[in-house]
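Worksheet: the structure to be examined is printed underneath.
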Amino acid sequence: MPIRILPDPLSLLRPVSKVQTITKTRPADTTTYAAGDVISESTSAGTVWTFPFSRTNGLGGILQDSALINSTAQTLKMDADLYLFDTTIASNLNDNAAFAPSDAEMKTLLTVITFLGGAGKVGSGNFSNEVTGLARVMQCASAQSSIFGVLVARNAYVPTSAEDVTIRLKIIQD
């Protein structure tokens, strides 16, 4: 009879390093963002950025690093805040709308990551900005295994029509 090797039952308890990547394509316009405006994929049906974060509902992990990548390299680089929540929010998330979460929504805020354009790197027609050493311990809501983000402009950024914005989160899942 052949010998069967069963998976280690403790493997589910060991942390796993993951990189979660989400890309959104902005609307086909060049409307300047004001500080405090949502950067989203639609002017009429914007949505949160949903990042798988934990292997099990209600658990969490450690956010190590984050990167924001633009498919264009504008002269004035995007400064932005990524608000991360443990619950999806219902505020107006349309592109170029003022970010105005309710008090109840802000009570689900886990952290805010700030990307400053001047600290980024210009590539061949694109731009990246990395924030390292975050070490933020975060827990998902009890019925969730994801965290939810809203990207908000910090400066008067003039976008390129239909540019791609990518966010990458490097996490250690519990």
Original post:
In region 18-34, what residues are closer than 17 Å to GLY149 by Cα and either assigned to a loop (DSSP other than H, G, I, E, B) or under 11 Å from the mean Cα position of the chain (by Cα) (or both)?
Top reply: GLN20, THR21, ILE22, THR23, LYS24, ARG26
Original post:
Taking the stated definitions as given, is VAL158 part of a strand (DSSP E or B), loosely packed, with under 15 Cβ neighbours inside 10 Å, more than 15 Å from the chain's Cα centre (by Cα) and among the hydrophobic types (A, V, I, L, M, F, W, C)?
Top reply: no
**OP:** Within region 126-174, count every residue that is touching a residue at least 60 places away in the same chain (Cβ under 8 Å) and among the aromatic types (Phe, Trp, Tyr).
**Re:** 2
Original post:
Considering only residues of region 50-66 that are among the small types (Gly, Ala, Ser) and crowded, with 19+ Cβ neighbours inside 10 Å, which is farthest from ALA143 (Cα to Cα)?
Top reply: SER66
**OP:** For region 92-124, enumerate the residues that are of a type outside the set (Asp, Glu), farther than 17 Å from ALA35 by Cβ and either free of Cβ contacts under 8 Å to residues at least 40 places away in the same chain or in contact with a helix residue (DSSP H, G or I) (Cβ under 8 Å, 6 or more places away or on another chain) (or both).
**Re:** SER102, ALA104, MET106, LYS107, THR108, LEU109, LEU110, ALA119, LYS121, SER124
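Conditions (1) assigned to a strand (DSSP E or B); (2) in contact (Cβ under 8 Å) with a residue 60 or more places away in the chain, marked per residue:
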position: GLU41; (1), (2): no, no
position: THR47; (1), (2): no, no
position: THR50; (1), (2): yes, yes
position: ASP65; (1), (2): yes, yes
position: ASP81; (1), (2): yes, yes
position: THR88; (1), (2): no, yes
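Every number in this text was worked out from the coordinates using simple rules, so none of it is lab data. As the structure is a prediction and not an experimental result, all values here were calculated from the model. Here Cβ is always computed from backbone atoms with ideal geometry, including for glycine, and neighbour counts include all displayed protein chains.
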